[in-house]
Every structure is written in C-alpha cells, then in structure tokens.
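Quick one: the structure is below, and I'll ask about it shortly.
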Amino acid sequence: MTDRTQPVDLGILLALAYQEFVRELREAHAEEGFDDIGRSDGVVFRALSSRPMTVSDLAGRLGISKQGAGQIVDDMERRGYLERRPDPGDRRARLLYLSARGNAALAAARGFHRRYERRLVRTHGREAVDTLRFVLQAMAGGADQAVDPRLRALYL
C-alpha cells in the first residue's frame, strides 16, 4: 500500500517527466515521417550539426569505441540520415555529414523542443519554466549542449 500523504520522490518525477517528453518527441517524429529514429540518433545529429567529423572523432565525442561509433554510423547511413564524403584535407579520411533527411530530422526535433517549451510557458508561466531550466542545469552540473558522458545510458 502506498502512502499518498508523501510526495512522489523527485527522482521518480524526473524520470517520468523525461519518459513522457521522449514519448511525445517520438510521436512527433513519427508524424513527420521519422518513425525510425534510434536512441543515439539525436546525439549524433547534434554532434554533426556543428561540423563534419570522422568516425573516430564521433566516437570520442560520444565516449564510445570506434567500432561502436562505426556501427551507429553504418545504421544511420543505411536509414538515410548520414553521408560519408572524402575529407578534402586528408584523402585517406572520410567525413560524416548529415544528409538532407538527417538535417530534416534534426530540424523536426528542434521544432518539437521549441513547441514543447512554449507549451510549458503557456501552462506554467515564463518564470516557472526559467526556474525549472535553472534548477535542472544546476542539477546537471552546469552542463551545456555538449554530450556529457554521464548521459551515455540514455542514448546507447
């Protein structure tokens, strides 16, 4: 029997909120034709949106082996989200780029993030959302947009 007089543990609320956010994001992606987005795809999209990189660079950014990154890249390339092109500065190397489909999926995700935040602001007010962002950022150790190795379990 649960004690309804006690609030739900904060960690449980964070997990449930994240789970619901991801559910809505996947639903929005599916509606826009991206029903095959994998767990690690979003992190790869963000990494490659800043600049093309090699599989080795991507592996370092994700904190995984080159072989693991290669498997992710092969899968994303097969699904049409990435392209490999020769590195103009090193003919032996191949650079990873987002394909048109990859850029469209990233744009869809970013649009969803903006709409989600606007909905939170409409529901709870700008001050509450700014406070939530401040608290979450502090809890995350001041994490910026870079991939934090502590998040690996969420995307790999």
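The values are calculated or read from the model by the stated rules, or taken from the named source; none is laboratory data. Quick caveat, the model's predicted, so the values are computed rather than measured. Every residue, glycine among them, receives a Cβ derived from its backbone with ideal geometry; neighbour counts consider all protein chains shown. SASA here: full protein model, heavy atoms, side chains in, ligands and nucleic acids out. Shrake-Rupley method; radii C 1.70, N 1.55, O 1.52, S 1.80 Å.
Return the residues of the range 103-135 that are open to solvent by less than 70 Å² (accessible area, probe 1.4 Å) and under 19 Å from the mean Cα position of the chain (by Cα); say none if nothing qualifies.
104, 105, 106, 107, 108, 109, 111, 112, 116, 117
When residues of the range 78-102 are filtered for being open to solvent by 40 Å² or more (accessible area, probe 1.4 Å) and in contact with a strand residue (DSSP E or B) (Cβ under 7 Å, 6 or more places away or on another chain), how many remain? I'd like the intermediate steps shown before the answer.
Within the range 78-102, the first condition is being open to solvent by 40 Å² or more (accessible area, probe 1.4 Å), and the residues that meet it are 78, 83-86, 88-92, 94, 97, 100-101.
Next, only the ones that are in contact with a strand residue (DSSP E or B) (Cβ under 7 Å, 6 or more places away or on another chain) stay: 83-86, 94, 97.
Matching residues across the range 78-102 total 6.
Looking at residue 63 and the list (1) surrounded by 15 or more Cβ atoms within 10 Å (Cβ to Cβ); (2) modelled with pLDDT of 95 or more; (3) at positive phi, which single condition is not satisfied?
With respect to (1) surrounded by 15 or more Cβ atoms within 10 Å (Cβ to Cβ); (2) modelled with pLDDT of 95 or more; (3) at positive phi, residue 63 is out only on (2).
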